Amino acid sequence: MRTNRTLSVSVLSGKGGVGKSNIALNLGYCMFRGGFPLLLMDCDLGLANLDVLMGVAPENNMQNLLDSDMDPREIAVHIEPGGFDFLPAASGVPELVEMDSDLRAMLFRKLDPLFTGYDYLFMDIGAGINPTVLAFGAMTHVRLIIVTPEPTSLTDSYALMKVLATQHGVRDFHVIVNQVEDKREEEITFRRLAAACDKFLGFTPHLLGGIRHDRMVTESVRKQKPLLKMAPGSPAAQDMFALAVKLQRMRVSLRDKIADGPFLTETKSFF
């Protein structure tokens, strides 16, 4: 049996508007530029927006895969030659937002042959705590929780981690604090979240790092280009590069864990 090399990473947030999709895109692009083939999967299945961030108009999406015998390689969009690919979701299809377990199982069974060709699978998952979000978040090797210093972001992220812990037994989370002014704000924000988790949930999330507030992020969204490609020297781009280095170190340390497959073996019963 071939040893799996694909590290699955879910990018989650308790609330929308915290920059989750943009971080998934740019961290993914950074990993690709570092020489690691990556598949970016839009898992906000009914409200897709990664295609807009990249300025692409896919002919097919995962709804087509569910409705036909189409090869998943026909759906994947090649964003950059050499291994930066995108798996688009549908937009405006409410029945895909809350998929039942049978539909999720069918989707990933069809996608499985595609995953093994990459070093990373980034799953940009919708905000909140609906069953699809929870199932997708629980199945990956690594969970990145995106927060901002806003109290509502911290409250909702705490709720997300609480439900994943109580309903799915997941207790390992890596936090990225977005839109901070400086290192001090990053650390204060994380400490507030970590203290609540430690006191009420019995575990402490890990701080992966922070991303500074940067006007070039907004500009890159307007131009529909990854920040790492448009302005690699900007403060936010440099912060994301530092996060990518940490993530690759994590992948090396998890080599034995990911050898069995692109998802956690103990979560297969969810599907």
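Do you know which residues across region 117-130 are open to solvent by 10 Å² or more (accessible area, probe 1.4 Å) and either within 25 Å of M240 (Cα to Cα) or modelled with pLDDT of 90 or more (or both)? Selection gives G117, Y118, D119, A127, G128, I129. Of all residues in region 141-159, those being in contact with a strand residue (DSSP E or B) (Cβ under 8 Å, 6 or more places away or on another chain) and within 25 Å of V180 (Cβ to Cβ) number 11. Report yes if some residue within region 211-221 is modelled with pLDDT of 95 or more, of a type outside the set (S, T, Y) and within 23 Å of F36 (Cα to Cα); otherwise report no. Within region 211-221, one or more residues are modelled with pLDDT of 95 or more, of a type outside the set (S, T, Y) and within 23 Å of F36 (Cα to Cα). Listed by position, the strands (runs of 3 or more DSSP E) contained in region 1-116 that have at least 1 residues being open to solvent by less than 10 Å² (accessible area, probe 1.4 Å) are 7-12, 38-43, 84-87.
Residue-level check: of (1) touching a Cys at 6+ places or on another chain (Cβ under 9 Å); (2) modelled with pLDDT of 95 or more, I176 misses just (1). Those helices (runs of 4 or more DSSP H) of region 147-233 in which 3 or more residues are of a type outside the set (A, V, I, L, M, F, W, C) and either over 29 Å from Y29 (Cβ atoms) or open to solvent by 50 Å² or more (accessible area, probe 1.4 Å) (or both) occupy 151-168, 183-200, 215-222.
Each row is one residue, and each column tells you yes or no for (1) of a type outside the set (F, W, Y); (2) in contact (Cβ under 8 Å) with a residue 12 or more places away in the chain.
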position	(1), (2)
K183	yes, yes
F203	no, yes
R212	yes, yes
M216	yes, yes
R222	yes, no
L227	yes, yes
D239	yes, yes
A244	yes, yes
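Out of curiosity, is D85 under 13 Å from the mean Cα position of the chain (by Cα) and in contact (Cβ under 8 Å) with a residue 40 or more places away in the chain? Taking the combined requirement at face value, the residue does not satisfy it.
The values are calculated or read from the model by the stated rules, or taken from the named source; none is laboratory data. Computed from a predicted model, the values in this text were never measured in an experiment. Neighbour counts are summed over all protein chains in view; Cβ atoms, including those assigned to glycine, are modelled from backbone coordinates with ideal geometry. All accessible areas refer to the heavy atoms of the entire protein, side chains included, with ligands and DNA or RNA removed. Shrake-Rupley method; radii C 1.70, N 1.55, O 1.52, S 1.80 Å.
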